[in-house]
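Asks: One structure, pasted below without further comment.
Derivation of every value follows stated rules applied to the coordinates shown; laboratory data play no part. This one's a predicted model, so the numbers in the text were calculated from it and none came from an experiment. In this analysis, Cβ positions are derived from the backbone assuming ideal geometry, glycine residues included, and neighbour counts consider all displayed protein chains.
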Amino acid sequence: MMGCNALLLMCVLFTGKHLISDPQGHPLVNNGTKTGNNMLATAHLTTASLVRDIEKHPSFKGFGKLLLPYDNNAAYYNTPINNIGSLMPYHNAINPDEVVRAVNHLIDNAESGKTIFYSIYSEAQRKQDPNKENAGLFFYRGDPGAPFAIICPGGGFSYVGSLHEGFPLASQISQKKLNAFVIRYRIGSERWATEDLAAAIRFIFENSSLLKVSSNNYSLWGGSAGARMVGNIAYYGVNEFVEGNFPKPITAVIAYTGQSLYDKSFPATFITVSDDDRIANVSTVERRVRNLKNVGVIISYERYKNAGHGFGLGTGTDAAGWLYKAVQFWQSQMSR
């Protein structure tokens, strides 16, 4: 178990009060209303805020770029959050209001003195491989001592779609009194990403008392490329990718991926996809569902019609509300 001082060296906490300007140069304060005075207040983002306002926000000092899809987002700095979908081409049903609410949730937590970002690698590991600076966990707190989920956003391993497929989901899960982490993994390799997920699981287990989460009944969630990461852990186990003796999750939540791995050691699994998904073929997904059922794995399967690929919370599609079904499935396995 890692001591308190060692954990503090590995985590990053930044809070602060600051003014951010909208595209017209008006400062945004609290709920994003314009103000003509210089009163300092925590600056909430609005859909009119720019991509640079996310990265440069004082609450995210030192790790702001890791909220965004790419390792270098400078080319998109002037993109308003209203058009944030242009940064995530593999995703669908992107809702700027949900993005803003989920990011403001982090800002509020930082302002209240809570740690919102943790590096999952030691300083020595990051020096040995500087690319590991781009890996870590964003934390949305539920009740102290409650189980945790790690959410793995997709992006084809060419970007990480946390703004749409990570933070909004984690915010909703935390409102169910469960703890939720969103992983920012290294871009460019499925192997790297899966290693980062295993390292994140190890980090949480080794620091569960300080994080105030239960290491029992944890769940892994992923969409698209993120679902491949979850599937890799469900199939190979955590210990294939990191040293130690860590259990598989109690449930896996796997959204819209054509990955076909399965065996009888899989955890109970919630799977979802949409008929009009142009990346994950429904027949491939359903073949995996059948294979998992045939080897005795507990499965819950939700098939939608018009949600497309990478639908996040599914708002505005027939997949809206799927997250609550997945949470209920997770909770049902806890009671077992």
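Asks: Can you work out the Karplus-derived ³J(HN,Hα) for every residue in the stretch 306-315? Use 6.51 cos²θ - 1.76 cosθ + 1.60 with θ = phi - 60°, whole Hz, and x for glycine or proline.
Replies: My calculation for the stretch 306-315 gives 10, 8, x, 9, x, 8, x, 6, x, 4 Hz in order.
Asks: Where a Cα-Cα gap under 20 Å defines reach, which aspartates and glutamates qualify for Lys293, not counting those fewer than 8 residues away within the same chain?
Replies: Straight-distance partners of Lys293: Asp263, Glu302.
Asks: Assuming R0 = 41 Å, can you tell me the calculated FRET efficiency for the pair Thr47 and Arg303, based on Cβ-Cβ distance, to the nearest 0.05?
Replies: 0.85
Asks: While we're here: From the alpha carbon gyration tensor of the chain, can you work out the equivalent ellipsoid semi-axes (sqrt of 5 times each eigenvalue) and give them in Å, largest to smallest?
Replies: Semi-axes from the Cα gyration tensor: 31, 24, 18 Å.
Asks: Relative contact order of the chain, please, whole-number percent, based on alpha carbon pairs below 8 angstrom and at least 6 residues apart.
Replies: Across the chain, relative contact order equals 14 percent.
Asks: Quote the FRET efficiency, to the nearest 0.05, computed for Asp108 versus Ser335 with a Förster distance R0 of 25 Å and r equal to the Cβ-Cβ distance.
Replies: Computed FRET efficiency for Asp108 and Ser335: 0.20.
Asks: I need the phi-derived Karplus couplings for the stretch 281-297: 6.51 cos²θ - 1.76 cosθ + 1.60, θ = phi - 60°, integer Hz, Gly and Pro marked x.
Replies: Going residue by residue, I get 6, 4, 5, 5, 4, 6, 5, 5, 4, 5, 4, 5, 4, 5, 9, x, 7 Hz, with x marking Gly and Pro.
Asks: Now, a different point. Normalising by the residue count of the stretch 251-336, find the relative contact order in percent from Cα pairs under 8 Å and 6+ residues apart.
Replies: 29
Asks: On to the next question. Would you calculate the separation in nanometres between label points at Leu261 and Ser189, each defined as 7 Å from the Cα along the Cα-to-beta-carbon direction?
Replies: Going by the 7 Å Cα→Cβ label model, 1.6 nm.
Asks: Counting other beta carbons within 10 Å of each residue's own, what order do Tyr185, Tyr76, Tyr118, Tyr218 fall into, fewest first?
Replies: By the 10 Å Cβ count, ascending: Tyr76, Tyr118, Tyr218, Tyr185.
Asks: Roughly what would the spin-label model give for Lys176 and Arg278, points 7 Å off Cα along C-beta, in nm?
Replies: Distance between the two pseudo-spin positions: 3.1 nm.
Asks: Still on this structure, please answer the following. Please list 3J(HN,Hα) in residue order for the stretch 118-130, calculated via the Karplus relation 6.51 cos²θ - 1.76 cosθ + 1.60 where θ = phi - 60°; whole Hz, with x for glycine and proline.
Replies: 10, 6, 9, 10, 6, 4, 5, 5, 6, 5, 5, 9, x
Asks: Can you give the % of DSSP beta bridges in the stretch 117-335 that are antiparallel, to the nearest 5?
Replies: Around 20 percent of the beta bridges assigned by DSSP in the stretch 117-335 are antiparallel ones.
Asks: Taking the Cα centroid of the stretch 176-201 and of the stretch 267-336, what is the distance between the two, rounded to the nearest whole Å?
Replies: A separation of 20 Å, based on Cα centres.
Asks: Moving on to the next point. Please report Asp276, Asp53 as a ranked list, fewest other C-beta atoms within 10 angstrom at the top and most at the bottom.
Replies: Asp276, Asp53
Asks: Also, I was wondering about something else. By count of other Cβ within 10 Å, fewest leading, how are Trp192, Trp330, Trp221, Trp322 ordered?
Replies: Trp192, Trp322, Trp330, Trp221
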